[in-house]
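Asker: Below is a structure I'd like to ask you about.
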Amino acid sequence: MLRTLIRLAAAATLAVPLLAITVSRPGTVTTIVDAKLFTAPSGEQHLHGIVRDPITGDMYVGDWNALRVGGTPWFGPYVENQDSLRRINQLQEVSIVSYAVAPNAMTYDTAQHRLYVVVGSTSCSSGAAEPAAGPTLHGILVLDPATGAMHTLAGGNAGTTSGEQPQVRFSGPIGIASDPASGALFVSEACMNRIREVDPTGNAVTLAGTGTKGFADGARVAATFDDPHGVAYCERDRRLYVADTGNNAIRAVALDGTVTTLAGQTKAGFTDATGASAQFDRPTGVACDDAGNVYVADSGNNAVRMIAPDGVVTTIAGNGSSGNVDATGADARFATPGDITYDPVAHALYVIDWSTNNVRKVTLAAATLP
């Protein structure tokens, strides 16, 4: 009953037209989930991906590397992979929704109330993904968070094939976003340096990238990426934004596959500026708001950055130093922020802090109407 009431209240809130906003810095950072509630295998970075259900307010994260060592009298010792999808409810309680090997990122389908999850090893060798412990799918899973039921939409063993499912293959799928209007999914492949588009039936094509590392803008296969990670689809301008991690840049991809660079350059640094004059250091996560601002988890700089629609980059929180400090603006500290999602109701960002395995909330500064 409580979950039903939450859904009804949230649905009423969402029915109110959202105003376009312009955000000013800084943001206030708080830790919302104790890392001890997640598995902690030897201090490894094991939380990957984060998405919020806009109806209930629940969040979902991927919990990697939960390995259990056991043994039997007949077959001897074994290692069991217990990677999982976890739910964080509004009381900040953590529970397991389902098990899946190597969950990297997820997007939420508000119409069907289900999650699309990209899974698979992202340790790349010569353009191919290396296997993770346990049976590994490189592809997209569909998860019903209410029941935990899950099935494969696309993918199989690591590979590079486009076309119709079940022939579709991925290599190192690491980011995913969705277009609510068409139902299309967009997947970044770290090991193949490209962006794939997948239709609701699982058929896939290459939207942009050649499979070879590079830093070139252009249409479809004329464009190149280097280790693309997080992706976000922004309904305001109907473009996909990609954290091009190896190029230290944020790229924009139109639905026709045309790639441009929104901000950043190949040289790593920590500079607030406009367009190519700005610098990032291995940006890994991206999100966007209804005003067209793009938010970046700048992992190498231990900071959260914002790119305005005109390409002006500012720092929302963090100052380049690693740590675990809740504070405002440059006084806050992150430790390798990796994944990020935007909450329009709270006007806040939720960030996976990889090195501490924490979930951090960045409450954005007061908004101003245009």
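The values are calculated or read from the model by the stated rules, or taken from the named source; none is laboratory data. Small disclaimer: the values here were computed from a predicted structure and weren't measured. Cβ sites come from the backbone with ideal geometry, for glycine too, and all protein chains shown count toward neighbours. Areas reflect the complete protein model, heavy atoms only, side chains present, ligands, DNA and RNA absent. Shrake-Rupley method; radii C 1.70, N 1.55, O 1.52, S 1.80 Å.
Asker: Which part of segment 343-362 falls in the paramagnetic zone of Ala268, meaning amide N under 18 Å from the point 7 Å along Cα-to-beta-carbon?
Answerer: Zone members listed by number: 354-356.
Asker: Right, another one. Of the peptides 224-233, 178-187, how do they stack up when ordered by the mean number of other Cβ atoms within 10 Å, highest first?
Answerer: Packing order, densest peptide first, comes out as 224-233, 178-187.
Asker: Which of Thr245, Ala232, Gly329 sits closest to the plus end of the dipole of segment 227-370, meaning its Cα is farthest towards the positive end, when Lys and Arg get +1 and Asp and Glu get -1 on the C-beta?
Answerer: Projecting each Cα onto the dipole axis, the largest value belongs to Thr245.
Asker: Using the heavy atoms of the protein chains alone and a 1.4 angstrom probe, what is the accessible area of segment 273-370 per residue in square angstrom?
Answerer: 30 Å²
Asker: Also: Tell me, what is the 1.4 Å probe accessible area of Arg333, in Å² to the nearest 10?
Answerer: Arg333 has an accessible surface of roughly 60 Å² with all protein chains in place.
Asker: Also, I was wondering about something else. Tell me, what ³J(HN,Hα) does each residue in segment 164-170 have, in order and in whole Hz, if you take phi through Karplus 6.51 cos²θ - 1.76 cosθ + 1.60 with θ = phi - 60° and put x for Gly and Pro?
Answerer: Taking θ as phi minus 60°, the curve returns 9, 5, x, 7, 5, 9, 10 Hz for segment 164-170.
Asker: Can you give the percent of C-alpha pairs in segment 126-268 whose distance is more than 25 Å?
Answerer: It works out to 24 percent of all Cα pairs.
Asker: Quick one: which residues, 5+ away or cross-chain, put their amide H under 5 Å from the amide H of Thr210? H built at 1.01 Å from N.
Answerer: Hits under the 5 Å cutoff: Phe225.
Asker: Now, a different point. When only the heavy atoms of the protein chains count and the probe is 1.4 Å, how do Glu189, Glu93, Glu197 rank by accessible area, highest first?
Answerer: Working: Glu189 0, Glu93 100, Glu197 55 Å².
Sorted descending by solvent-accessible area, the residues read Glu93, Glu197, Glu189.
Asker: Still on this structure, please answer the following. Accessible area, 1.4 Å probe, largest first: how do His48, His138, His113 sort?
Answerer: So, going from the largest accessible area down, we get His113, His48, His138.
Asker: Name the residue from Gly139, Ile176, Cys191 whose Cα lies farthest towards the positive end of the charge dipole of segment 97-236, charges +1 on Cβ of Lys and Arg and -1 on Cβ of Asp and Glu.
Answerer: Sorting the options by dipole projection puts first Cys191.
Asker: How would His151, His347 line up by accessible area, probe 1.4 Å, largest first?
Answerer: His151, His347
Asker: Still on this model: Each residue of segment 86-92 in turn: what ³J(HN,Hα) in whole Hz from Karplus with 6.51, -1.76, 1.60 and θ = phi - 60°, glycine and Pro shown as x?
Answerer: 10, 9, 10, 7, 5, 8, 6
Asker: Amide H to amide H under 5 Å from Ala263: which residues, 5+ apart in sequence or cross-chain, H placed 1.01 Å off N in plane?
Answerer: Result for Ala263 returns Ile250.
Asker: What size of dipole, in debye to the nearest 20, comes out for segment 261-370 about its Cα centre when the only charges are +1 on Lys and Arg C-beta atoms and -1 on Asp and Glu C-beta atoms? Present the calculation step by step, with values, prior to reporting the outcome.
Answerer: Numbers: 6 positive and 11 negative charges, 47 e Å.
Dipole of segment 261-370, to the nearest 20 debye: 220 debye.
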